[in-house]
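Single-structure report; data block below.
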Amino acid sequence: MNNEKIWLSSPHMGGNELKYINEAFAENWIAPLGPNVTGFEADIKEYLTSEEIGSLEVAALSSGTAALHLALILSGVERGDEVICQSMTFAASANPIVYLGATPIFIDSEEETLNICPDQLEIAIKDRISKGKKPKAIIAVHLYGMPYKVDQIKAIADKYGIAIIEDSAESLGSTYKGRKCGTFGDFSILSFNGNKIITTSGGGAMITKNSETKKKAIFLATQARDDAPHYQHSEIGYNYRLSNISAGIGRGQMEVLDKRVQGRRNMFQFYVNLFRDIDGIKVFTEPNDDFHSNHWLSVINIDETKTGGVNREDLRKCMESENIECRPLWKPMHMQPVFNKYPYYGTGIAEEMFKNGLCLPSGSNLSDNDRSRIEQAILNCLKNIV
Ligand SMILES: *Cc1c(COP(=O)(O)O)cnc(C)c1O
């Protein structure tokens, strides 16, 4: 068997990406606008739209982080405001809050989906209001593709009249009660970074419910140029539009999105089978049929009291020595040096998951040979560490 590196999550091209890029070259659309950008937006819109949702609008942007930044601006977040954010997530969910001079308020996870805990969310909202400030927005994340508890979170947001920004960076192709992730927020964002379920090498999108908001997002994303023959600006703008070359990759990737979701779900099923009879290791699974994850990353939880003492770091390091990349879960934001001064509401569930959770190679491009190497390595590691 070869010993090439097996990655956690690597790009998986479909084949037609180069066709769209070649068109861009042939037409000289080498710019942050053009037919691929418009086409990519239309592809995403068609994918997400359903009768239940009605119409929605898609703005293709340079990254998921840029999409979050604009979503916060369009939610009216300003200097001195407070914004609630799930603590267990990638830093990109929280960074744009601080770009705006606002304060992140971090919330623990619940155990079933690893996402924002409804109980702690409501405790936090009440406490912030009692301190004189109602949070301006809630950033809720579908971590690793697993939908958050959409109905419960929305009920709380509605009760207090707070906007939801749905971070769907990891969950394109997931559904909750049959409806696609990316359609639940007042604003939703997607990411097409290189490690995500589909990629444009780097890119993102913002999903909104109406065309006026989309127009405003694109206005801000293209340096906020007023309608004038000269360059005139009445607002601060950004350079956040997606390039026509990257969007070409995105169009090719949208053609194979369903296959990519199936590929990731097959990896998840592989791990379910592999760990079925192994004590102390649980594969993180949908709590019930309302939840359907794209399983962007497969996650296990290790109980070292039942594995004969093997813990998460033991297994991660052992796999690394076999040239197989595994990673701890996202380190919660309230534990991060750059964020630990901000308020946090929780009971330690995210901390526990961070301590014992491990992400396993999950790419849709892994081969049978890769799977046997992973299986052998895991079984050997569990046998030989202690
Ligand atoms: C990847 C990611 C982002 C940011 O997306 P970029 O396109 O890399 O800027 C935001 N939130 C989460 C949860 C992510 O995983």
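The values are calculated or read from the model by the stated rules, or taken from the named source; none is laboratory data. Predicted, not measured: the structure shown is a model, and the values here were computed from it. Heads up, the Cβs are rebuilt from the backbone with ideal geometry, glycines too, and the neighbour counts pull from every protein chain shown. Each accessible area value is taken on the protein alone, full model and side chains, heavy atoms only, with ligands, DNA and RNA left out. Shrake-Rupley method; radii C 1.70, N 1.55, O 1.52, S 1.80 Å.
Just need a number here: residues in the range 186-235 that are more than 13 Å from the ligand (Cβ to nearest atom), more than 16 Å from SER55 (Cα to Cα) and in contact with a strand residue (DSSP E or B) (Cβ under 8 Å, 6 or more places away or on another chain).
Looking only at that region, the number is 5.
How many residues does the range 78-99 hold that are open to solvent by 10 Å² or more (accessible area, probe 1.4 Å) and either away from the ligand (no atom under 13 Å from the Cβ) or at pLDDT below 95 (or both)? Quick ask: steps written out before the conclusion?
Looking only at the range 78-99, we keep the residues that are open to solvent by 10 Å² or more (accessible area, probe 1.4 Å), and these are 78-82, 90-92, 95, 98-99.
Still in the list and also either away from the ligand (no atom under 13 Å from the Cβ) or at pLDDT below 95 (or both): 78-82, 98.
Counting residues in the range 78-99 that are open to solvent by 10 Å² or more (accessible area, probe 1.4 Å) and either away from the ligand (no atom under 13 Å from the Cβ) or at pLDDT below 95 (or both) gives 6.
Run ALA140 past the list (1) among the small types (Gly, Ala, Ser); (2) free of Cβ contacts under 8 Å to residues at least 60 places away in the same chain; (3) surrounded by fewer than 24 Cβ atoms within 10 Å (Cβ to Cβ); (4) touching a strand residue (DSSP E or B) at 6+ places or on another chain (Cβ under 7 Å) and report the number of the one that doesn't hold.
Checking ALA140 against (1) among the small types (Gly, Ala, Ser); (2) free of Cβ contacts under 8 Å to residues at least 60 places away in the same chain; (3) surrounded by fewer than 24 Cβ atoms within 10 Å (Cβ to Cβ); (4) touching a strand residue (DSSP E or B) at 6+ places or on another chain (Cβ under 7 Å), the one that fails is (3).
Does ILE116 satisfy being crowded, with 16+ Cβ neighbours inside 10 Å, among the β-branched types (Val, Ile, Thr) and without any contact (Cβ under 8 Å) to a residue 60 or more places away in the chain?
yes
Among (1) open to solvent by less than 10 Å² (accessible area, probe 1.4 Å); (2) of a type outside the set (Gly, Ala, Ser); (3) assigned to a helix (DSSP H, G or I), there is one condition LEU358 misses while meeting the rest; what is its number?
(3)
Exactly one of (1) buried (at least 19 other Cβ atoms within 10 Å of the Cβ); (2) under 18 Å from THR89 (Cβ atoms); (3) touching a Ser or Thr at 6+ places or on another chain (Cβ under 9 Å) is unmet by ILE349. Its number?
(1)
With the structure loaded, tell me whether LEU70 is more than 14 Å from the ligand (Cβ to nearest atom) and surrounded by 24 or more Cβ atoms within 10 Å (Cβ to Cβ) or whether it fails that test.
So LEU70 fails the test.
If I filter the range 165-185 for residues that are in contact with a strand residue (DSSP E or B) (Cβ under 7 Å, 6 or more places away or on another chain), of a type in the set (A, V, I, L, M) and away from the ligand (no atom under 16 Å from the Cβ), do I get at least one hit?
No, every residue in the range 165-185 fails to be in contact with a strand residue (DSSP E or B) (Cβ under 7 Å, 6 or more places away or on another chain), of a type in the set (A, V, I, L, M) and away from the ligand (no atom under 16 Å from the Cβ).
Working carefully through the options TYR160, TYR238, find the one that is modelled with pLDDT of 95 or more, among the hydroxyl-bearing types (Ser, Thr, Tyr) and closer than 19 Å to CYS117 by Cα. Please lay out each step first, then the result.
Working: TYR238 fails: closer than 19 Å to CYS117 by Cα.
Just one listed residue meets the conditions, TYR160.
Would you confirm, using the coordinates I've provided, whether ALA102 is open to solvent by less than 30 Å² (accessible area, probe 1.4 Å), among the small types (Gly, Ala, Ser) and over 15 Å from the mean Cα position of the chain (by Cα)?
Judged against the criteria, ALA102 is a match.
Going by the conditions given, is SER63 in contact (Cβ under 8 Å) with a residue 40 or more places away in the chain, within 23 Å of the chain's Cα centre (by Cα), over 27 Å from GLY161 (Cβ atoms) and open to solvent by 30 Å² or more (accessible area, probe 1.4 Å)?
Details: in contact (Cβ under 8 Å) with a residue 40 or more places away in the chain: yes; within 23 Å of the chain's Cα centre (by Cα): yes; over 27 Å from GLY161 (Cβ atoms): yes; open to solvent by 30 Å² or more (accessible area, probe 1.4 Å): yes.
Here the answer is yes, as SER63 does meet what is asked.
What is the residue count in the range 39-58 for residues that are open to solvent by 90 Å² or more (accessible area, probe 1.4 Å) and at pLDDT 95 or above?
Here the count works out to 1.
Can you tell which of THR307, THR285 is of a type in the set (S, T, N, Q) and either modelled with pLDDT under 95 or out of contact with any Phe, Trp or Tyr (no Cβ under 9 Å at 6 or more places or on another chain) (or both)?
Going through THR307, THR285 in turn, the sole match is THR307.
With the range 225-341 as the region, which helices (runs of 4 or more DSSP H) entirely inside it contain at least 1 residues that are charged (D, E, K, R) and over 22 Å from PHE192 (Cα atoms)?
312-321
Conditions: (1) outside any loop (DSSP other than H, G, I, E, B); (2) buried (at least 18 other Cβ atoms within 10 Å of the Cβ). ASP158 meets all but one. Number of the miss?
The single condition ASP158 does not satisfy is (2).
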